[in-house]
1. In the set ALA74, ALA33, which member is surrounded by 12 or more Cβ atoms within 10 Å (Cβ to Cβ) and either in contact (Cβ under 8 Å) with a residue 60 or more places away in the chain or small (Gly, Ala, Ser) (or both)?
2. What residue, among those in the range 1-17 that are open to solvent by less than 30 Å² (accessible area, probe 1.4 Å) and of a type in the set (A, V, I, L, M), is nearest to VAL63 (Cα to Cα)?
3. Would you point out the residue of the range 36-49, among those that are among the small types (Gly, Ala, Ser) and open to solvent by less than 40 Å² (accessible area, probe 1.4 Å), that is farthest from GLU88 (Cα to Cα)?
4. Taking the range 96-115, which residues are within 18 Å of GLN1 (Cα to Cα), open to solvent by 90 Å² or more (accessible area, probe 1.4 Å) and among the hydroxyl-bearing types (Ser, Thr, Tyr)?
Amino acid sequence: QVQLVESGGGLVQAGGSLRLSCAASGRTFSSYAMGWFRQAPGKEREFVAAISRGGTIYYGDSVKGRFTISRDNAKNTVYLQMNSLKPEDTAVYSCAADRHIDGSYFLKDQYQYDYWGQGTQVTVSS
């Protein structure tokens, strides 16, 4: 099992940057694939980025080239560096973890993940 806590959200102007963190409990963090998803009001949850247990990285088309996901297994933390933010990026950002899934098809699918954090609000103003 794992507990996830996101931090780093806030209010930023368009074109600015934020760095989100997702801290995980437990001693087996390296055994989990990690993903970031976001959900804006009235919209379905959208895939943002994921990193596999082996370090393979995937991005959603809407954030490719602007966002960077990374993980530090020694700190039990996954990060999402968000640059060139747009108002369309405004959403609640949640991290997710799963011990078993791998490959782009599964890592991009929110329904494959067993564990979720509470989410952190990101608001990008015009």
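1. Exactly one residue qualifies, and that residue is ALA33.
2. We begin by selecting, within the range 1-17, every residue open to solvent by less than 30 Å² (accessible area, probe 1.4 Å); these are 2, 4, 6, 10, 12, 16.
This time we only want the ones that are of a type in the set (A, V, I, L, M), so: 2, 4, 12.
Details: VAL2: 27, LEU4: 23, VAL12: 17 Å.
The extreme case among them is VAL12.
3. Within the range 36-49, the subset among the small types (Gly, Ala, Ser) is 40, 42, 49.
With the extra rule that they be open to solvent by less than 40 Å² (accessible area, probe 1.4 Å), the set shrinks to 40, 49.
On the way: ALA40: 9, ALA49: 16 Å.
Ranking the qualifying residues of the range 36-49, first place goes to ALA49.
4. Residue satisfying the conditions is TYR111 alone.
The values are calculated or read from the model by the stated rules, or taken from the named source; none is laboratory data. Note that the coordinates shown come from a computational prediction; the quantities given were computed from them, not determined experimentally. Every residue, glycine among them, receives a Cβ derived from its backbone with ideal geometry; neighbour counts consider all protein chains shown. When the accessible area is computed, the model is the full protein with side chains, heavy atoms only, and any ligands, DNA or RNA have been set aside. Shrake-Rupley method; radii C 1.70, N 1.55, O 1.52, S 1.80 Å.
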